[in-house]
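K.L.:
Sharing a structure with you now.
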Amino acid sequence: MRFFLYVLSSVLFLSCASHNNSALQDLISKWTRIDNLLFLEEKSFPSESPFPSESLILLESLDFIRMLQEFQKSDLYRIYRAIPFSPDDKRSFFIYSVKDFPEIENVLKLAIIFRDSAVLGDMEKAREISGEINKSLFNFLLIDGEAQRYINTSYLLLLIALVFFITVIMLFILFLHRSLIRSFKRETEGTEFSHAYMLAQDEERARISRELHDTVIQDMRCVLLEPEKAAPKMTELMKKTRDICNSLIPPDFRFSELPDALRQLCHDFSERNGIDCRAEIDTHINLEFLSMEKRLQVFRIVQEALTNIDKHAQAKEAIVTMRQSNDIIYIGIGDDGKGFPSPLDDNGQIKTSLESQPSPGTACSPLDKSHIGIISMKERAAILGGRLKIKSEIGEGALVCLEISGK
């Protein structure tokens, strides 16, 4: 608050000083002329003709009083009264008080007494009052010097505050700019992902259609052509249909726990694809903080990872692990397949920026069809409030890691 007072008084002082400083100088010059006339009158010899200084001193004192009254009405004088410092206090002017300011009214009162003394011809009294006026005006000049230093310091503080304010504004604009860029990137990425996800859904529908056509319909045709083999064919047909339905219908976690569902998923994966898949899950994992929806998201992430192993890894073995350390649950899906260049960095972020995104079909494109499953897992991990990491190298297999915090 005090700083703003300094700044305000500085601005007002300089705005008024440019118009009223000449009046202050005229006031000092006027009194200097009167004091010189008084000195000459004192040095005059009695034998000489009467020195006309008394009448001239009277006229000049009247003019001096008028100038004082005009100066009292000026804006500059009001600013002087408001500046918080005193020439009698030797401390920093930041703690000077207004009450110690020698009011110009004192000079005016002394000037009136001086005028009356000149009218009565009491020059001895006039000289005595002159000394007091000189002292008051000298103090006033000291205050004027203090005021200049005060204003310079205040403007320095104002400049520092202005630089600080501009710096804060620039940092805020930079922060806002980066936030807008991140928001635009997220929106663009979300739009691109939604488009790619719809394409992936269409591709999945086409896959299911092909699987139904190549398995169920073909087996039904065989049943029609070879009625004597209807019983075993129908049994195999029912098994294939059941496998397709099981892959589409999510488990009901009201009747089975997530670890049991993952073990069954690994067993069915091995039976269906001929890849040795085992589940290593700690028996004392606390999953109470996961809702039914979030448990389904975990299940779908593991299911998607196993689907990618079946489609792309050319692996012989796969393993699903789940363990808990403190309040963090770790889920890993690994294989001994051919591996691939992961599109995610160590922090789980897409390596390739949207601004420099490769053309579709390249290995590192975040929207590559071969990586749609990875992007889907990343989105599901975000819903869980977790983090997804992928460690993979060509010829070294792959490991998908999901970390979920229970806090």
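The values are calculated or read from the model by the stated rules, or taken from the named source; none is laboratory data. Predicted model only: the values in this text are computed from it and were never measured. Because the Cβ atoms are built from the backbone with ideal geometry, glycine has one as well, and the counts that use them run over all protein chains shown.
K.L.:
Conditions: (1) part of a loop (DSSP other than H, G, I, E, B); (2) among the polar types (S, T, N, Q); (3) touching a residue at least 24 places away in the same chain (Cβ under 8 Å). S256 meets all but one. Number of the miss?
P.N.:
It fails just one condition, (3).
K.L.:
Given D116, D88, D122, D144, which one is within 30 Å of S61 (Cβ to Cβ) and at pLDDT 85 or above?
P.N.:
Residue meeting the stated conditions: D116.
K.L.:
I'd like the full set of residues that are in contact with a strand residue (DSSP E or B) (Cβ under 7 Å, 6 or more places away or on another chain) and either surrounded by 21 or more Cβ atoms within 10 Å (Cβ to Cβ) or not charged (D, E, K, R) (or both), limited to segment 386-405.
P.N.:
Once the filter is applied, which keeps residues that are in contact with a strand residue (DSSP E or B) (Cβ under 7 Å, 6 or more places away or on another chain) and either surrounded by 21 or more Cβ atoms within 10 Å (Cβ to Cβ) or not charged (D, E, K, R) (or both), segment 386-405 yields G386, L388, I390, S392, G397, A398, L399, V400, C401, L402, I404, S405.
K.L.:
Same structure again: Here is a list: I374, I383. Which entry is among the β-branched types (V, I, T), at pLDDT 70 or above and surrounded by fewer than 20 Cβ atoms within 10 Å (Cβ to Cβ)?
P.N.:
Every option except I383 fails the conditions.
K.L.:
To continue, here is another question. Among the residues of segment 255-277, are any touching a His at 6+ places or on another chain (Cβ under 9 Å), within 28 Å of I390 (Cβ to Cβ) and not β-branched (V, I, T)?
P.N.:
yes
K.L.:
Just checking, which of S136, S130, S154 is closer than 17 Å to F64 by Cα, surrounded by 14 or more Cβ atoms within 10 Å (Cβ to Cβ), at pLDDT below 85 and of a type in the set (S, T, N, Q)?
P.N.:
S136
K.L.:
If you don't mind, another one. Run down I331, I319, I301 and say which single residue is within 38 Å of the chain's Cα centre (by Cα), part of a strand (DSSP E or B) and either touching a residue at least 12 places away in the same chain (Cβ under 8 Å) or surrounded by fewer than 20 Cβ atoms within 10 Å (Cβ to Cβ) (or both).
P.N.:
I331
Yes/no matrix, rows are residues, columns are (1) touching a residue at least 24 places away in the same chain (Cβ under 8 Å); (2) more than 25 Å from I404 (Cβ to Cβ); (3) in a helix (DSSP H, G or I):
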| position | (1), (2), (3) |
| --- | --- |
| M220 | no, yes, yes |
| T241 | yes, yes, yes |
| L290 | yes, no, no |
| R295 | yes, no, yes |
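K.L.:
Continuing with this model, one more query. Can you list residue pairs whose Cβ atoms sit under 6 Å apart, with the first residue in segment 104-123 being under 14 Å from N134 (Cβ atoms) and the second being surrounded by 14 or more Cβ atoms within 10 Å (Cβ to Cβ) and polar (S, T, N, Q)? Count only pairs 6 or more apart in sequence or on different chains.
P.N.:
Pairs found: N106/S136; V107/S136; F114/S61.
K.L.:
Would you please name the residue that is modelled with the highest pLDDT, looking only at residues in segment 386-407 that are of a type outside the set (A, V, I, L, M, F, W, C), more than 17 Å from S325 (Cα to Cα) and assigned to a loop (DSSP other than H, G, I, E, B)?
P.N.:
G397
K.L.:
Can you tell me how many residues within segment 259-288 are closer than 24 Å to E317 by Cα and part of a loop (DSSP other than H, G, I, E, B)?
P.N.:
4
K.L.:
Cβ-Cβ below 9 Å, separation at least six or inter-chain, first residue in segment 128-142 and in contact (Cβ under 8 Å) with a residue 12 or more places away in the chain, second part of a helix (DSSP H, G or I) and small (G, A, S): which pairs?
P.N.:
These pairs meet every condition: I129/A111; I129/S117; I133/A111.
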